[in-house]
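As C-alpha cells, the structure follows; a few thoughts come after it.
The values are calculated or read from the model by the stated rules, or taken from the named source; none is laboratory data. Quantities reported herein were computed from a predicted structural model and do not represent experimental measurements. As a convention, Cβ positions derive from the backbone with ideal geometry for all residues, glycine included, and neighbour counts pool all protein chains shown. Protein only, heavy atoms only, side chains kept; ligands, DNA and RNA dropped before computing areas. Shrake-Rupley method; radii C 1.70, N 1.55, O 1.52, S 1.80 Å.
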Amino acid sequence: MIRIDEAPFDPADCTTWLEADAPQIGAVCTFTGLARDYGDRESVNGLYLEHYPGMTENAIQGVIDEARARWPIQAVEVRHRVGQIMPGERIVFVGVSSSHRREAFEACEFIMDFLKTRAPFWKKELTKDGEIWVEQKESDRLSAARWQGSGEDGVG
C-alpha cells in the first residue's frame, strides 16, 4: 500500500494494517520519520514537500518490488506526506511484515534508503531567511549504494 497526501497519519493505524495476516507473520518492522527544527540551516520553521503524482508512486512501487524480490515479505506500507509540514510532525512511514524479523528489518531499511534517493520528492526548508531547496545528501546516496549488487545479507 502506497499513500501520498497532505494529511497527517497515525503510525498505529498503519501497523494495524500490516498485522492483518498475523497468524502468518512473525515480525513487523516500521520506520517513522519526523520533521526537525534544523536541517541544512540551523533554524527551520517548517518544510514544504512536492512530488510528481503518478511518477512518485511508480518509483516507490519499483522499490517495493525490488524488496519483495530480495526478501520473503508479506505486506508493505509506505505513507509520505507532501505540502507544508511543521517541526515535530510525521513525514514518512515505512512498514514491512514478514515471517522473520531479519527480513522485516532489512526490507524496511532497504525501502527507506531508496525512498531517499529514487522517489521524486522535492523538499524546501522554510527559514526566517526564506525558502531554500534541499539537495540530496551524500549520506543518503551512500546508504542506498551499499545495497547495490548485494544479496539478502546487504553485503556486495
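Roughly how big is the chain's charge dipole about its Cα centre, with Cβ charges of +1 (Lys, Arg) and -1 (Asp, Glu), in debye to the nearest 20? Could you put the intermediate results ahead of the total?
Values: 18 positive and 27 negative charges, 31 e Å.
So the dipole magnitude of the chain works out to roughly 160 debye.
Hey, with R₀ at 25 Å, roughly what FRET efficiency would Q61 and D37 work out to, going by the Cβ-Cβ distance, to 0.05? Intermediate results must be reported in sequence, preceding the final value.
Values: r = 32 Å, r/R0 = 1.30.
In this case the efficiency is close to 0.15.
Computed from point charges on the beta carbon alone (+1 for Lys and Arg, -1 for Asp and Glu), the dipole magnitude for the range 70-156 about its Cα centre is near 160 Debye.
Want the number for E135 to S99: 0.36 nm per residue separation, take away the alpha-carbon distance, what's left?
My answer for the length gained is 9.2 nm.
Using alpha-carbon pairs under 8 Å, 6+ residues apart, how would you state the relative contact order of the chain in percent?
On the way: 293 pairs, mean separation 47.8, N = 156.
Reported as a whole number, the value is 31 percent.
Among A145, A12, A35, the largest mean-square fluctuation in a Gaussian network model of the chain, built with springs joining Cα atoms closer than 10 Å, belongs to A12.
What the pair-distance distribution of the chain shows, using all Cα-Cα distances binned every 5 Å from zero, is 2, 9, 18, 20, 20, 15, 10, 5, 2, 0, 0 percent.
In the range 2-134, carbon and sulfur make up what percent of the accessible area (probe 1.4 Å)? Here it works out to 47 percent.
Given their separation in residues at 0.36 nm each and the Cα-Cα distance between them, Q84 and R3 gain 27.5 nm when the chain is fully extended.
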